[in-house]
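**Student:** Below is the structure I would like to discuss, written out as structure tokens.
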Amino acid sequence: MIIHTEDAILGGAVRVLQPRAGYRFSVDAVQLAAFAFARAPAPRRALDLGCGTGVVAFILAHRAPRARLVGVEIQPALAALARAGADRNGFADRVTILAGDMQRPHGEIPRGAFDLVVANPPYHAPGRGRTSPEPSRARAHHEIDVALPDARAAASAACAPRGRIAL
């Protein structure tokens, strides 16, 4: 089991389990979740590509209590923390976390099925900028597992007609 912390956000309404060392969510995730709701109705089905420890999915689940959400995370340890966090927040009945690659869709991610797709993908090209020596942080910030155009393509494939994508 990975050594983790439990952190409260939104005034304690949402709890996030995240590694004590390595990848930890930043304000970018909170801003992405807020942007996804800006001037738009609450989603019925939402997908979080590269969900990490689940912070964006949990904020969406909190703000849209009738929504069903799926999160996909390529790093198994982070996906496990997201699953545990969904349970801890009481979202396990409507938040599903999948360990896998967003570029290889699962049966739970049918094409064109989500009215909201969110992603906070890595945006630093390999070899550009300083890469963290901590592998999970490097994978979250640099295009090691997925490039930005591939994340955009995965989001487009999963998004329903007239759906929204927030990156």
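**Student:** If I ask for residues that are more than 16 Å from C51 (Cβ to Cβ) and either touching a Lys or Arg at 6+ places or on another chain (Cβ under 8 Å) or not charged (D, E, K, R) (or both), which ones from segment 8-34 would you list? Outline the logic, then answer.
**Tutor:** Our first condition is that a residue be more than 16 Å from C51 (Cβ to Cβ); within segment 8-34, this holds for 8, 10-13, 20-21, 27, 34.
Answer for segment 8-34, where residues must be more than 16 Å from C51 (Cβ to Cβ) and either touching a Lys or Arg at 6+ places or on another chain (Cβ under 8 Å) or not charged (D, E, K, R) (or both): A8, L10, G11, G12, A13, A21, V27, A34.
**Student:** Checking the structure you have, find out if any residue of segment 111-118 is in contact with an Asp or Glu (Cβ under 6 Å, 6 or more places away or on another chain) and modelled with pLDDT of 75 or more.
**Tutor:** If we filter segment 111-118 for residues that are in contact with an Asp or Glu (Cβ under 6 Å, 6 or more places away or on another chain), which is where we start, we get 118.
Narrowing the set further to residues that are modelled with pLDDT of 75 or more leaves 118.
There is at least one residue in segment 111-118 that is in contact with an Asp or Glu (Cβ under 6 Å, 6 or more places away or on another chain) and modelled with pLDDT of 75 or more.
**Student:** Now, a different point. Quick check on my filter: what residues within segment 57-109 are acidic (D, E) and in contact with an Asp or Glu (Cβ under 8 Å, 6 or more places away or on another chain)? Write out each step before concluding.
**Tutor:** In the first step, residues of segment 57-109 are kept if they are acidic (D, E); the result is 73, 87, 93, 101, 108.
Hit for segment 57-109 is D101, nothing else.
**Student:** I want to confirm something. Restricting to segment 97-108 and keeping residues that are over 20 Å from I59 (Cα atoms) and of a type outside the set (D, E, K, R), which single residue is surrounded by the fewest Cβ atoms within 10 Å (Cβ to Cβ)?
**Tutor:** Filtering segment 97-108 for residues over 20 Å from I59 (Cα atoms) gives 100-108.
Checking the rest, the ones that are also of a type outside the set (D, E, K, R) come to 100, 102-103, 105-107.
On the way: G100: 15, M102: 28, Q103: 16, P105: 16, H106: 14, G107: 6.
So the residue we want is G107.
**Student:** Within segment 87-109, which residues are over 22 Å from R15 (Cα atoms) and in contact (Cβ under 8 Å) with a residue 12 or more places away in the chain? Reasoning before the result, please.
**Tutor:** If we filter segment 87-109 for residues that are over 22 Å from R15 (Cα atoms), which is where we start, we get 100-109.
Those that are over 22 Å from R15 (Cα atoms) and in contact (Cβ under 8 Å) with a residue 12 or more places away in the chain: G100, D101, M102, Q103, P105, H106, E108, I109.
**Student:** What do you reckon, is D48 buried (at least 24 other Cβ atoms within 10 Å of the Cβ), in contact (Cβ under 8 Å) with a residue 24 or more places away in the chain and within 25 Å of D150 (Cβ to Cβ)?
**Tutor:** Details: buried (at least 24 other Cβ atoms within 10 Å of the Cβ): yes; in contact (Cβ under 8 Å) with a residue 24 or more places away in the chain: yes; within 25 Å of D150 (Cβ to Cβ): yes.
Taking the combined requirement at face value, the residue satisfies it.
**Student:** Test R94 against the criterion of being open to solvent by 40 Å² or more (accessible area, probe 1.4 Å) and modelled with pLDDT of 95 or more, and give yes or no.
**Tutor:** Numbers: open to solvent by 40 Å² or more (accessible area, probe 1.4 Å): no; modelled with pLDDT of 95 or more: yes.
No; evaluated as a whole, the condition is false for this residue.
**Student:** Those residues that are part of a loop (DSSP other than H, G, I, E, B), of a type outside the set (V, I, T) and exposed (fewer than 15 other Cβ atoms within 10 Å of the Cβ), I need them from segment 1-41; list them, please. It would help to see each step written out before you state the result.
**Tutor:** Applying the first criterion (part of a loop (DSSP other than H, G, I, E, B)) to segment 1-41 yields 1-3, 13, 20-26, 38-41.
Applying the additional criterion that residues be of a type outside the set (V, I, T) yields 1, 13, 20-26, 38-41.
If the condition is that a residue be part of a loop (DSSP other than H, G, I, E, B), of a type outside the set (V, I, T) and exposed (fewer than 15 other Cβ atoms within 10 Å of the Cβ), then M1, A13, R20, A21, S26, A38, R39, A40, P41 are the ones that fit.
**Student:** While we're looking at this one, here's another question. Could you go through segment 64-83 and let me know if any residue there is β-branched (V, I, T) and open to solvent by 50 Å² or more (accessible area, probe 1.4 Å). Write out each step before concluding.
**Tutor:** Initial filter on segment 64-83 (β-branched (V, I, T)): 70, 72, 74.
If we keep only those that are open to solvent by 50 Å² or more (accessible area, probe 1.4 Å) too, we end up with 74.
Yes: segment 64-83 contains one or more residues that are β-branched (V, I, T) and open to solvent by 50 Å² or more (accessible area, probe 1.4 Å).
The values are calculated or read from the model by the stated rules, or taken from the named source; none is laboratory data. The structure presented is a predicted model; accordingly, all values stated were derived computationally and were not measured. All Cβ positions, even for glycine, are placed from backbone atoms using ideal geometry, and neighbour counts span all protein chains on display. Heads up: the accessible areas ignore ligands, DNA and RNA and are worked out on the full protein's heavy atoms, side chains in. Shrake-Rupley method; radii C 1.70, N 1.55, O 1.52, S 1.80 Å.
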